[in-house]
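Student: Attaching a single structure in structure tokens format; questions to follow.
The values are calculated or read from the model by the stated rules, or taken from the named source; none is laboratory data. These figures come from a predicted structure and were not determined experimentally. Here Cβ is always computed from backbone atoms with ideal geometry, including for glycine, and neighbour counts include all displayed protein chains. Ligands, DNA and RNA are excluded from the accessible area calculation, which covers all protein heavy atoms including side chains. Shrake-Rupley method; radii C 1.70, N 1.55, O 1.52, S 1.80 Å.
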Amino acid sequence: MRILGINNVVNFQRKPTKQEEPELQATVNRAYDLIGVKERAVITHGSCFPSVERDTYIGSPYGESAREYIKFLALYGFNGNQLGPGGLLETDVNSPYKSSAFSQNRLFIDLKELTTDKYGNILSRSTYEGVTSEPRINNKNYSLTDFKKSKRVYDIALKEAYNNFKTGLKTQQPELIKLRVEYGQFLKRHNQRLLEEGIFQVLAKENGTDDYTTWLNQKDATLITDLRKGDVLADERFSEIYHSNVDEINQYKFEQFIATKQIKEHQVWRQERGFDYINDLLVGCSKMDAWRYEDAFLDDWEMGAFEGNGISQRWHIPVIDPKKIFANGDYDLNIGGEFLKEKISFALEFCENLRVDHVMGLVEPYLMSKNAHDSDFITNPTYVKNKDIEKYISELKDPQNANQEYDLYWDYPKLIEKLVLPTFREYGLDKNSAVWEDICSWPDRFKQVYAEQQLPKITNLDWAKASDMVKYEPENWFILGSHDNIPAMNYLKRTAKLNNGEVVEYTRKQQPWNGRYLAEYLNQDDTRANIVELRKTLEDLYNKDDKAIVRAKFTELMTTPKFQISFDDLLGITEVVYNVPGQNLESNWKARISPDFIDKYYENLSSGDSTALNIPELLHDALQAKIDIQVKEHNYDQDFKSQIYAEAQPVLDKLAHFAEVLKEK
């Protein structure tokens with residue numbers, strides 16, 4: 001059998017034609033069915049999406065460009081995309097993991113739609129073209145988000161759109177009357193939240209910061225908490241701010257309406273095509289959210305991440321007070337529980353699935369003192385922690401009783417069972433479908449809850465073998481890298497310093513990257529012709545060709561039931577890293593797909609030294625591997641083998657054909 005990917009020399013790309021695309025898509029989907037892959041998703045955060053017409057200097061997962069990107073992904077059999085958190089960003093912060101859990105990111109609004117009759121042309125075409133630009137095409141296969149320039153674009157465009165919406169209503173334009181009805185229905189449901197968020201936006205602007213703990217008027221920092229307690233002065237202050245800034249607050253409400261409307265319409269379009277969005281339930285929230293729910297959080301502690309052989313990570317994320325989660329023994333919700341339920345519900349409303357960020361934060365959050373300095377967390381040796389300033393929540397004692405655990409009734413360990421999973425069921429989400437981000441330190445209480453609730457995990461094939469994991473944990477999501485990793489094509493170049501000072505490339509020394517293992521795992525049928533020579537040929541190739549062994553790892557990934565691939569790995573982007581975790585780099589969160597990504601993808605595949613993933617080629621080898629596994633499980637029964645090849649061989653042949661098409665001169 002001819003082995004794809006060996007000794008193929010090509011000079012120029014040819015895209016699949018429009019006539020070929022239906023057969024290509026049907027072939028790859030049939031291959032996934034035969035392998036048994038239920039879910040195959042790409043990881044693309046909202047700002048990373050391309051612009052295919054006018055550029056607003058940031059991507060959006062909801063406009064026309066997003067639809068073009070989804071069509072491309074669907075062509076190669078992907079049926080989902082994992083987003084990052086999509087909320088409103090904090091001032092001068094680019095990380096989506098510091099965004100609001102409840103408000104939408106206004107920078108994701110498709111401005112072009114606002115120039116159409118559907119929206120009453122509330123944005124003029126001249127303004128739209130004046131603030132946006134032609135997509136910037138260069139010789140790189142990626143682009144970069146410009147957050148500051150994008151904010152200026154949306155400040156100008158959305159102010160005009162809101163003003164035209166207001167004045168247009170006076171002229172009784174039919175489109176705007178219809179829009180006003182929708183807006184009214186939106187406000188009936190969300191007005192109180194939007195009003196509070198609008199007040200926050202005004203106060204943050206006045207004080208020059210989202211950090212409400214530093215505001216000049218400290219009563220403003222507890223305004224909503226005091227208001228809910230019936231404080232008359234808080235009510236007067238709230239009313240004063242609103243009436244002094246009513247237009248600005250109402251524009252904020254209108255922007256949230258437009259963003260939500262477009263998200264809902266995009267969901268309808270996706271569902272018609274069977275393509276899911278996986279939303280990201282961030283473990284934290286923005287300062288605006290914390291301000292609205294200020295009474296729900298611990299006063300002196302924030303959430304971080306335990307590091308056994310280094311300084312623990314300080315995230316500055318508020319931690320729900322365990323005494324504020326449930327109101328009584330019947331598990332009615334207290335303010336902390338209400339906050340969490342609202343957060344989950346909001347994340348699920350317009351997406352089909354959910355990634356639960358840092359699950360440990362819902363069970364056994366790691367606490368770090370708000371009042372400590374960064375230098376206080378440096379200890380020697382590093383694994384001996386100062387329990388006065390960092391500890392698991394189960395180690396936190398009641399200030400009134402030093403012998404009593406603060407979370408006396410173990411409300412945190414009950415969160416998954418009593419609040420999270422019931423909310424999932426309200427939205428029709430099965431726990432085994434969700435992506436549970438369990439990459440953490442795994443303390444005992446977390447292990448106990450995870451086992452009791454039988455939650456799936458994430459298996460990273462960077463550090464594990466599919467041969468060990470698929471059989472025993474088939475509900476897991478499998479990955480090879482994520483939004484927090486360097487591109488996989490660079491993995492073999494990773495280095496580490498040993499205790500003796502020697503610097504080594506450690507990836508190739510790991511068993512999951514062993515050339516013999518991969519050659520044997522992907523070719524298990526001992527009765528195939530020349531199988532011994534084939535394994536040896538592949539082992540030699542993997543040991544000398546870094547790109548070949550990375551492709552073999554992605555082939556291994558495609559034999560798993562549910563997998564994710566990062567957009568940069570799919571498209572062969574190797575020069576930039578979307579996020580380097582634990583480092584506040586200027587370049588973080590800016591990598592983005594180029595506007596001509598389709599041309600660049602096929603150009604990459606035809607280069608003779610491609611870094612992009614040739615999906616038909618990888619699927620061919622993954623399907624062959626799956627056939628071999630099944631034949632071996634049936635003790636090489638010839639009748640079974642004939643039967644399975646009768647079904648699979650036509651698919652193998654078509655995959656081989658399309659793999660060559662993508663590299664054809």
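Student: Let me know the Kirkwood hydrodynamic radius for the stretch 517-665, please, with Cα pairs as the basis and the value in Å to one decimal.
Tutor: One decimal place: 17.3 Å for the Kirkwood radius.
Student: Cα gyration tensor of the stretch 245-403, axes a ≥ b ≥ c as square roots of the eigenvalues: rounded (a/c below 1.5), prolate (a/b > b/c) or oblate?
Tutor: The shape class here is prolate.
Student: Would you kindly derive the ³J(HN,Hα) couplings of the stretch 158-170 from the backbone phi angles with the Karplus curve 6.51 cos²θ - 1.76 cosθ + 1.60 (θ = phi - 60°), listing them in order in whole Hz, with x for Gly and Pro?
Tutor: 6, 5, 5, 4, 5, 5, 5, 4, 5, 6, x, 4, 5
Student: Now for a separate question. Evaluate the Kirkwood expression for the hydrodynamic radius of the stretch 413-472, namely the inverse of the mean inverse distance over all pairs of different C-alpha atoms, and round to one decimal in Å.
Tutor: Mean inverse Cα-Cα distance, inverted, gives 13.1 Å.
Student: Separate question: By average Cβ neighbour count within 10 Å, what is the ranking of 608-617, 94-103, 582-591 from highest down?
Tutor: The most tightly packed comes first, giving 94-103, 608-617, 582-591.
Student: Counting pairs of Cα atoms in the stretch 21-146, how many percent are more than 26 Å apart?
Tutor: In whole percent, the long-distance tail amounts to 35.
Student: While we're on this one: Taking the Cα centre of each part, how many Å lie between the stretch 175-232 and the stretch 31-104?
Tutor: When both Cα centres are located, 28 Å separates them.
Student: Here's another thing I want to ask about it. Report the paramagnetic label zone for Val93: residues of the stretch 255-296 whose backbone N is under 18 Å from a point 7 Å from Cα along the Cα-to-Cβ axis.
Tutor: Those under the cut-off are 280-296.
Student: With respect to the cross-link table entries Lys414/Lys457; Lys229/Lys397; Lys98/Lys343; Lys118/Lys253, which display a Cα-Cα separation exceeding 26 Å?
Tutor: Lys229/Lys397, as the Cα separations exceed 26 Å there.
Student: Further question: Apply 1/(1 + (r/R0)^6) to the Cβ-Cβ distance of Ser124 and Asn584, taking R0 = 35 Å, and write down the FRET efficiency to the nearest 0.05.
Tutor: Efficiency, rounded to the nearest 0.05: 0.35.
Student: Let me ask something else. Compute the accessible area per residue over the chain, keeping the other protein chains in place, probe 1.4 Å, unit Å².
Tutor: Accessible area per residue, the chain: 44 Å².
Student: Still on this structure, I have one more. What is the ratio of the Cα radius of gyration of the chain to 2.2 N^0.38 Å, with N the residue count, to two decimals?
Tutor: Relative to the 2.2 N^0.38 Å estimate, the chain comes out at 1.03.
Student: Next question, about the same structure. Sticking with the crude label model, points 7 Å out along Cα→Cβ, report the distance from Ala464 to Arg273 in nm, one decimal please.
Tutor: In this crude label model, Ala464 to Arg273 measures out at 3.1 nm.
Student: What are the principal axis extents of the Cα atoms in the stretch 385-504, in Å, biggest first?
Tutor: 53, 46, 24 Å, listed from the longest principal axis down.
Student: Next up: Over the Cα atoms of the stretch 225-311, what radius of gyration and what Dmax do you get, in Å?
Tutor: Spelled out, the Cα radius of gyration and Dmax of the stretch 225-311 are 19.7, 54 Å.
Student: Which of the chymotrypsin sites (Phe, Trp or Tyr not before Pro) found in the stretch 267-364 are in a DSSP loop and have at most 13 neighbouring Cβ atoms, other than their own, within 10 Å?
Tutor: none
Student: Calculate, for Asn328 and Glu405, the FRET efficiency according to 1/(1 + (r/R0)^6) with r their C-beta to C-beta distance and R0 22 Å; round to the nearest 0.05.
Tutor: Between Asn328 and Glu405 the formula returns 0.70.
Student: A further question follows. Quick check: pseudo-label points 7 Å beyond the Cα along Cα→Cβ at Ser345 and Tyr427, how many nm apart are they?
Tutor: 1.2
Student: Using helices alone, what [θ] at 222 nm do you get for the chain, with -39,500 (n - 2.57) per DSSP H run of 4 or more residues, divided over all residues and rounded to the nearest 500?
Tutor: Rounded to the nearest 500, the figure is -13000 deg cm²/dmol.
Student: Hey, got the Cα dimensions of the stretch 331-439 along the principal axes, in Å, largest first?
Tutor: 48, 30, 22
Student: Over 32 Å between Cα atoms, which of Lys15/Lys38; Lys497/Lys553; Lys15/Lys544; Lys71/Lys205; Lys205/Lys590; Lys112/Lys219 qualify?
Tutor: Result: Lys71/Lys205; Lys112/Lys219 exceed 32 Å.
Student: Also, I was wondering about something else. How long is the gain from Glu505 to Tyr383 if the chain were fully straight, where each residue apart is worth 0.36 nm and the alpha carbon distance is subtracted?
Tutor: Using 0.36 nm per residue and subtracting the Cα-Cα distance, I get 41.4 nm.
Student: If you average the alpha carbon positions of the stretch 460-494 and of the stretch 544-587, how far apart do those two centres end up, in angstrom?
Tutor: 9
Student: Taking R0 as 60 Å, what's the FRET efficiency between Asp609 and Tyr242 from their Cβ-Cβ distance, rounded to 0.05?
Tutor: Efficiency, from the Cβ-Cβ distance: 0.50.
Student: In whole Å and largest first, what semi-axes does the C-alpha gyration tensor of the stretch 83-160 yield when each eigenvalue is scaled by 5 and square-rooted?
Tutor: 23, 19, 11
Student: Which order, highest average first, do 452-459, 640-647, 231-238 follow once you tally other Cβ atoms within 10 Å for each residue and take the mean per peptide?
Tutor: 452-459, 231-238, 640-647
Student: Continuing with this model, one more query. Taking amide H atoms as placed 1.01 Å from N in the peptide plane, list the residues 5 or more away in sequence, or in a different chain, whose amide H sits under 5 Å from that of Phe478.
Tutor: Correct list: Thr459, Lys562, Phe563, Gln564.
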